[in-house]
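Asks: The structure follows.
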Amino acid sequence: MLKKEDIIHIAELARIGLKEEEIEKYQRELSLILDYFKKLELVNTDKIDSIGHITGEHSVIRDDVVIDCKEDIRMGIINNFPDKKDNQAKVKSIL
Amino acid sequence: MIRELHEKLKNGEINSVDLTKKYFDEIELKDKNILAYLTLHKELALNAAQEIDKKIQVGEDFDLLGGIPMALKDNMCVMGGRTTAASKILDNYIAPYDATVVKKLREKGAIILGKTNMDEFAMGSSTENSAYQKTRNPHDLNRVPGGSSGGSAAAVVSDMAVYALGSDTGGSVRQPASFCGAVGLKPTYGRVSRHGLLAMASSFDQIGPIAKSVEDAAIVLSRIAGRDLKDATSAKSGGKFYEDYLTGNIKGMKIGVPKEYFGDGLSDEIKNISFAALEKFKKLGAELVEINIPHNEYALPIYYITVPSEVSSNMARFDGIRYGLSIDDQEKSKIGAGKLLETYLDTREIGFGPEVKRRIMLGTYALSAGYYDAYYKKAQKVRRLLRQDFEKAFEKVDLIFSPTAPEPAFKIGEKTTDLLQMYLSDIYTVTANLVGVPAISFPIGEVERESKKLPIGGQLMGRWFGEEELLNAAHTFELN
C-alpha cells in the first residue's frame, strides 16, 4: 500500500493540486492498480530489450527548413493564450 | 451506404444541402435523448455542402465522401472550431489548425456535422468520464454506448451521421462499435496520421472509422491513411483503395483461435455467439486453427503501466499557460499567489476529471526515480514478448478472432465504482494496440436484456499493415 507521503510526492511531481480528503482515496486506488501490475514480475525478461517503435517503421525525416506559420493560424494560437501581452503568452513569476 | 448516397448525389436524386439538413433534423429530434454530440458545426457543414453541390451541378467529378455528412470525435482539431476532448481544461479551446485527417476529409468534400462526446481525453470505456454529459446507448437508453468513442458510435447507429471518426488507444473505436452494433476499425499503428489528434498515449493512439458497413469503413480508411510529415510515426500507404480488396472470397484463409481468449473468464453466452461466428467463417471457406498467445495474460498489466506513463507525459502540456483553462486561486494559495507553480496546481486540480488525474498520478509514479525499471521498462520488455507471440502466430494464420468485449453494453453507473472491472472491459482490445496490428469489430449477434436486444461484436486482428485481408474477411462475413 502506498503511503500518504508517496501520494503527496507523486501529486507534486505531477503538478496536481490535492485536497487532504483525496489522499486516502488515491492511496487505495493507486495501490489496487499497482498490485494488479505485480503479475509482470513473474515474467523472465533477462535477455529481452524493451521495445521501441512498435511496427518497426522508421521515423519520417524531413529537411530542416523553416516553414512560415500562416497569419490565421498564428492568431488562432495567440487567441488561445489565457494571459497575453503584445501577442505573447504571459507567464507568472517562477520564484 | 456511402456508395448508395454517392450515386444519389451524382444522379441528382438528392443534394448535399438537403442531406445535411436531414441529418441535422435527426440530431435535433434524437440527440436530446442520446446526447452523442458536444458541438454542432451547422454553418461550416452547410457551407461545405453548398460548395460540393455547385461542383456536382456543373458535372465535376467528386469523391465518394464528397457531400456526405459525418461526425468527428471531439479530440480531433477542426480549425476555428471548439475542441474539448470532453475536458473542462479545454472548455474554451478553439483549434487554430486542422488535424491531418480533417484536412484530408475536407479536401474530399466531406461534411463535418459536429464533434461527438467521449471519455475525457479518451480515458475510459463507457463515455461516462466526459466532463459534459453521459451518452446513451441507442439500443437501451439506460446503458452506456461504450467508450471512449461512445458519441461517435451512438451517432452512427442512430442515423445522426453516415459515419464517424474515433480514436483507439486500447479499444476506444472497437468496443463502442461492438456495444452499439456498428463496424469499428483500428488501423495498424502509423497507418493514419495523428497530427491534430489530442494525444493520449502516443505509441498506441490511432484514428479509425466507425461505420454501418465494412465497405464504408474501408472507403473512409483509404481517404485518411498515408504518410504525413507532421507525424513522424506515420507510414506510407501507397495510395491504396481498401474498398477494392473486398472480394467476398475468403476461401483458404486461416483464422487463428487463441485458446487464451475463450477461457473461464468468458460467459457461455458470448462464447456461443463467438463459436457460431467461427462456424460461419468455416462455411465460407476459412480454415480455423487453434493458436497460443502465451503472454496474453500480461496484456492488461502492460497496458495499464505504459499508457498512464505516456499519459502523464502528454498531459504535461496542460499547464494553464498556452491554452485552455488557467486558474490561479489567490485566496487558498499555499505557495504564494501569482506564482507559476500555483497556476499549474490549481489549473490541473480543477481542470482534470478523476480518471485523468488517476492516470497521470499512476504514470508519474511508474516513471519516477527508483520505479522506472520495475514498472515502465519491465512493461516495455514484456510488450516485446507479446509482440513476438503475435509474430509467431502470424506465421501460422492470416487473422486472429476473438469477441470484441467480454459482455454486451452495461448499465450507466454499473462500473464507475469498480476500476478494475471497468479496465477488464478492454481485455480483448488492448492487445492490438500493444503490438500495433490492425483490428476490426463487426456485429456477430445479439443478446436480450430486459426485453431489449443488445448487439455483440466480433473482433479480427490482422498482420501489420494487412488491412486488406482484415477488411475483406469482415466484409465477407457481413455479406452472408
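Asks: Looking only at segment B:198-212, count every residue that is within 14 Å of chain A (Cβ to nearest Cβ) and either part of a loop (DSSP other than H, G, I, E, B) or more than 10 Å from B:Lys186 (Cα to Cα) (or both) and tell me the total.
Replies: 6
Asks: Please count how many residues of segment B:429-464 are in contact with a Lys or Arg (Cβ under 7 Å, 6 or more places away or on another chain) and open to solvent by 10 Å² or more (accessible area, probe 1.4 Å).
Replies: Summing the residues that are in contact with a Lys or Arg (Cβ under 7 Å, 6 or more places away or on another chain) and open to solvent by 10 Å² or more (accessible area, probe 1.4 Å) in segment B:429-464 gives 1.
Asks: What about B:Ala154, is it open to solvent by less than 10 Å² (accessible area, probe 1.4 Å) and closer than 20 Å to B:Gly67 by Cβ?
Replies: no
Asks: In segment B:213-255, how many are in a loop (DSSP other than H, G, I, E, B) and either closer than 16 Å to B:Lys103 by Cβ or modelled with pLDDT of 95 or more (or both)?
Replies: Qualifying residue count, segment B:213-255: 16.
Asks: When you scan segment B:2-19, do you find a residue that is within 25 Å of B:Arg174 (Cα to Cα), open to solvent by 80 Å² or more (accessible area, probe 1.4 Å) and more than 24 Å from the chain's Cα centre (by Cα), even just one?
Replies: There is at least one residue in segment B:2-19 that is within 25 Å of B:Arg174 (Cα to Cα), open to solvent by 80 Å² or more (accessible area, probe 1.4 Å) and more than 24 Å from the chain's Cα centre (by Cα).
Asks: Give me a count of the residues in segment A:8-18 that are within 8 Å of chain B (Cβ to nearest Cβ) and over 16 Å from the mean Cα position of the chain (by Cα).
Replies: 1
Asks: Which residue pairs have Cβ atoms closer than 6 Å, lie 6 or more positions apart in sequence or on different chains, and pair a first residue in segment B:117-131 that is in contact (Cβ under 8 Å) with a residue 24 or more places away in the chain with a second residue that is outside any loop (DSSP other than H, G, I, E, B) and of a type in the set (Lys, Arg)?
Replies: Between residues of segment B:117-131 that are in contact (Cβ under 8 Å) with a residue 24 or more places away in the chain and residues that are outside any loop (DSSP other than H, G, I, E, B) and of a type in the set (Lys, Arg), the close pairs are B:Met118/B:Lys73; B:Met123/B:Arg359; B:Ala131/B:Lys88.
Asks: If you don't mind, there's one more thing I want to ask. Across segment B:264-315, what is the total count of residues that are among the charged types (D, E, K, R) and within 30 Å of B:Pro354 (Cβ to Cβ)?
Replies: 2
Asks: Another question, if that's okay. Out of all the residues in segment B:359-380, which are surrounded by fewer than 21 Cβ atoms within 10 Å (Cβ to Cβ), free of Cβ contacts under 8 Å to residues at least 60 places away in the same chain, under 19 Å from B:Tyr304 (Cβ atoms) and of a type outside the set (A, V, I, L, M, F, W, C)?
Replies: Of everything in segment B:359-380, those that are surrounded by fewer than 21 Cβ atoms within 10 Å (Cβ to Cβ), free of Cβ contacts under 8 Å to residues at least 60 places away in the same chain, under 19 Å from B:Tyr304 (Cβ atoms) and of a type outside the set (A, V, I, L, M, F, W, C) turn out to be B:Ser368, B:Tyr371, B:Tyr372, B:Asp373, B:Lys377.
Asks: Shifting gears a bit: A:Leu42 passes all but one of (1) at pLDDT below 90; (2) under 29 Å from B:Gly462 (Cα atoms); (3) open to solvent by 10 Å² or more (accessible area, probe 1.4 Å); which number fails?
Replies: Of (1) at pLDDT below 90; (2) under 29 Å from B:Gly462 (Cα atoms); (3) open to solvent by 10 Å² or more (accessible area, probe 1.4 Å), only one is false for A:Leu42: (1).
Asks: Output the number of residues of segment B:272-301 satisfying the condition of being charged (D, E, K, R) and at pLDDT below 95.
Replies: Matching residues across segment B:272-301 total 1.
Asks: To continue, here is another question. Among the numbered conditions (1) facing chain B (nearest Cβ under 7 Å); (2) in contact with a helix residue (DSSP H, G or I) (Cβ under 8 Å, 6 or more places away or on another chain); (3) within 30 Å of B:Val307 (Cα to Cα), tell me where A:Glu57 comes up short.
Replies: Status for A:Glu57: all satisfied but (2).
Asks: Would you check if there is a residue in segment B:258-266 being at pLDDT 95 or above and away from chain A (no Cβ under 14 Å)?
Replies: yes
The values are calculated or read from the model by the stated rules, or taken from the named source; none is laboratory data. Keep in mind it's a predicted model, so treat the numbers as computed, not measured. With ideal geometry, Cβ positions are generated from the backbone for all residues, glycine too; neighbour counts draw on all protein chains shown. Keep in mind that these areas ignore ligands, DNA and RNA; they rest on the heavy atoms of the full protein, side chains included. Shrake-Rupley method; radii C 1.70, N 1.55, O 1.52, S 1.80 Å.
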